[in-house]
Amino acid sequence: MINRIFLIVLDSFGIGEMPDSAVYGDEGSNTLHSCFLQAGFAVPNMAKLGLYNIDGVSFGKKENAPLGAYGRMAEKSKGKDTTTGHWEIAGLVSESAFPTYPEGFPDEIIKEFENRTGRKVLCNKPYSGTRVIADYGKEHIETGSLIVYTSADSVFQIAAHEDVVPTEKLYEYCRIAREILCGKHAVGRVIARPFEGKYPDFKRTARRHDFSLVPPEATLLDELSENGLDVIPIGKIYDIFAGKGLIKAIPTESNKHGMELTEKALEKNFKGLCFTNLVDFDMLYGHRNDAAGYAKALTDFDLWLGSFMKEMKEGDLLMITADHGCDPLTASTDHSREYTPLLIYGSGVRSINLGTRKSFADIGKTIAHIFGIESHISGESFKNEITEK
């Protein structure tokens, strides 16, 4: 009997373009392949689980007998952002994409935000998160104006120096923006981006905070909680679901910290789901087109994975997947519309190719099925395919 499931999302770890990638400007994207090309890249533990055996992966050495089940996940939702991807993993398919602002936010949004915060706005256009503080940080410190920017994703980001705007005040401004951004302007996330340092050596701090939309329907997290099961949200999970179906947030400062907290969850006596997001792959490497850094981060994760698998107990199940791609070798610094991997390991898990799944939601549906929940979320369960009969 499976008592605990550890679901780890390697944020942005795509494995190749989806058929509709051209609609999103992402033809040719393959995050895994871009990392595979880097010197020193080594993921032997994920390879043993079947990473290179997944349909569509035409490089790397395939395992004769992978240690678990493996497959390729297609995104059914419209979009390629963090919120959409995680919601779909948890069984909520988004039929419409969240709004994006390639020309910046309209005047009525910015004016209302300025009026309610009492501060002017700088930038208001798509920008790299590190470049925006380099280009506008000095003016922000001199004037107290807030740096507002977006990206190809549905985000309203507010950057402020911690000496100018204390972090809690920045969070207050984000809550104001979240109230303003509703209806047709309901972006997926409002993000606080605090930074520190002296010009020109600014750097972002670990006190980022996401203010997401509340999921409009029940997700796997609601169903687990309503059935008396535990849900341990590590990393951005609490923020992505706006706390819906969750009790408390467990934020992380880095991939390393997230892995440490996930390992500590192994020591806890719980029944249910430990849901972890490791965001450094996306935030530090994918968005910065740092292929070598991305490859190193995956290598580090895989090394940790080997020890984690050894510590797993009878009744534990591990699932590894992603929420979208972010190919570090394409010209774009934004997310890419890619298939994502699914690697499953644990006692009683069959070595089987699950093929290409029609939706990320199959993961949530399967988890609900494993725990005996009569689930109403989207997706098709593959429980009977992966478990010994």
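The values are calculated or read from the model by the stated rules, or taken from the named source; none is laboratory data. For clarity, every value in this text was computed on a predicted model and none was experimentally measured. Counting neighbours? That spans all protein chains shown, and the Cβs are built from the backbone with ideal geometry, glycine included. These area figures cover heavy atoms from the full protein model, side chains too; ligands, DNA and RNA do not enter into them. Shrake-Rupley method; radii C 1.70, N 1.55, O 1.52, S 1.80 Å.
Only Lys, Arg, Asp and Glu carry charge here, each on its Cβ (+1 for the first two, -1 for the last two); on that basis the chain has a dipole of about 400 debye about its Cα centre.
Each Cα pair under 8 Å and six or more residues apart adds its sequence gap; the mean of these over the residue count of region 168-256 is a relative contact order of 22 percent. With a ≥ b ≥ c taken as the square roots of the eigenvalues of the C-alpha gyration tensor of region 129-179, please select rounded if a/c is under 1.5 and otherwise prolate if a/b is larger than b/c or oblate if it is not? The shape class here is oblate. Per residue, region 120-215 exposes 42 Å² of solvent-accessible protein surface, assessed with a 1.4 angstrom probe and all protein chains in place.
What's the carbon and sulfur percent of the chain's accessible surface, probe 1.4 angstrom, rounded to a whole number? Heavy-atom surface of the chain belonging to carbon and sulfur, 1.4 Å probe: 48 percent.
The string of couplings for region 343-356 from the Karplus curve (6.51, -1.76, 1.60, θ = phi - 60°) is 10, 10, 9, x, 5, x, 8, 6, 7, 8, 8, 7, x, 9 Hz, one whole number per residue in order, with x for Gly and Pro. Tally Lys/Arg at +1 and Asp/Glu at -1 over every other residue whose Cβ is under 10 Å from the Cβ of Gly71; what's the total? With Lys, Arg at +1 and Asp, Glu at -1, the net is -1. Between Asp55 and Glu114, the simple label model (points 7 Å from Cα in the Cβ direction) yields a spacing of 5.3 nm.
For Val231, nonlocal amide neighbours, meaning residues 5 or more places apart or on other chains whose placed amide H falls under 5 Å from its own, are Leu273. Within the listed set Ser58, Ser378, Ser351, the Gaussian network model of the chain (springs between alpha-carbon atoms below 10 Å) gives the highest mean-square fluctuation for Ser58.
Of all DSSP beta bridges in the chain, what percent run antiparallel (nearest 5)?
Of those bridges, close to 40 percent are antiparallel.
Taken about its Cα centre, region 1-108 carries a charge dipole of roughly 880 debye when the Cβ of each Lys and Arg holds +1 and the Cβ of each Asp and Glu holds -1. Classify region 111-253: rounded, prolate or oblate, from the alpha-carbon gyration tensor (a ≥ b ≥ c, eigenvalue square roots; a/c under 1.5 rounded; otherwise prolate if a/b is larger than b/c)? The shape class here is prolate.
Normalised by the residues of region 220-298, what does the relative contact order come to in percent, with Cα pairs under 8 Å and at least six apart? Computed value for region 220-298: 31 percent relative contact order.
Each peptide in 152-162, 136-146, 226-236 gets a packing score, the mean of other Cβ atoms within 10 Å over its residues, and the list from highest to lowest is 152-162, 226-236, 136-146.
Is the C-alpha gyration tensor of region 36-105 telling us rounded, prolate or oblate? Criteria: a/c under 1.5 is rounded; beyond that, a/b larger than b/c is prolate, otherwise oblate.
Note, shape of region 36-105 comes out prolate.
Residue by residue, region 296-301 carries 3J(HN,Hα) couplings of 5, 5, 5, 4, 5, 4 Hz when phi is fed to the Karplus relation 6.51 cos²θ - 1.76 cosθ + 1.60 (θ = phi - 60°); x denotes Gly or Pro. In the structure displayed, which of Lys76/Lys236; Lys78/Lys169; Lys61/Lys244 lie more than 30 Å apart, Cα to Cα? Lys78/Lys169; Lys61/Lys244, as the Cα separations exceed 30 Å there.
Helix-only arithmetic for the chain: the sum of -39500 (n - 2.57) across DSSP H runs with n ≥ 4, divided by the residue total, places the mean residue ellipticity at 222 nm at -8500 deg cm²/dmol.
Relative to the Cα centre, the charge distribution of region 211-354, modelled as +1 at Lys and Arg Cβ and -1 at Asp and Glu Cβ, gives a dipole magnitude of about 200 debye. Ordering Gly197, Ser225, Met283 by Cα displacement along the dipole of region 176-303 toward the positive end leaves Gly197 in first place; charges were set at the Cβ atoms of Lys, Arg (+1) and Asp, Glu (-1). Once the other residues with Cβ under 15 Å from the Cβ of Glu112 are scored (Lys, Arg +1; Asp, Glu -1), what is the net sum? Once positives and negatives cancel, what remains is +3. Stokes-Einstein diffusion of the chain at 10 °C, 1.306 mPa s viscosity, Kirkwood radius from Cα pairs, rounded to a whole number: 75 µm²/s. With Cβ to Cβ distances under 13 Å as the rule, what net charge do the other residues near Gly85 carry (K, R +1; D, E -1)? Neighbourhood net charge equals -2.
Contact order, relative form, for the chain: 31 percent (alpha carbon pairs under 8 Å, 6 or more residues apart, mean separation divided by residue count).
What are the chymotrypsin sites (Phe, Trp or Tyr not before Pro) within region 4-107 that DSSP puts in a loop, where the Cβ has at most 14 other Cβ atoms within 10 Å?
Phe59
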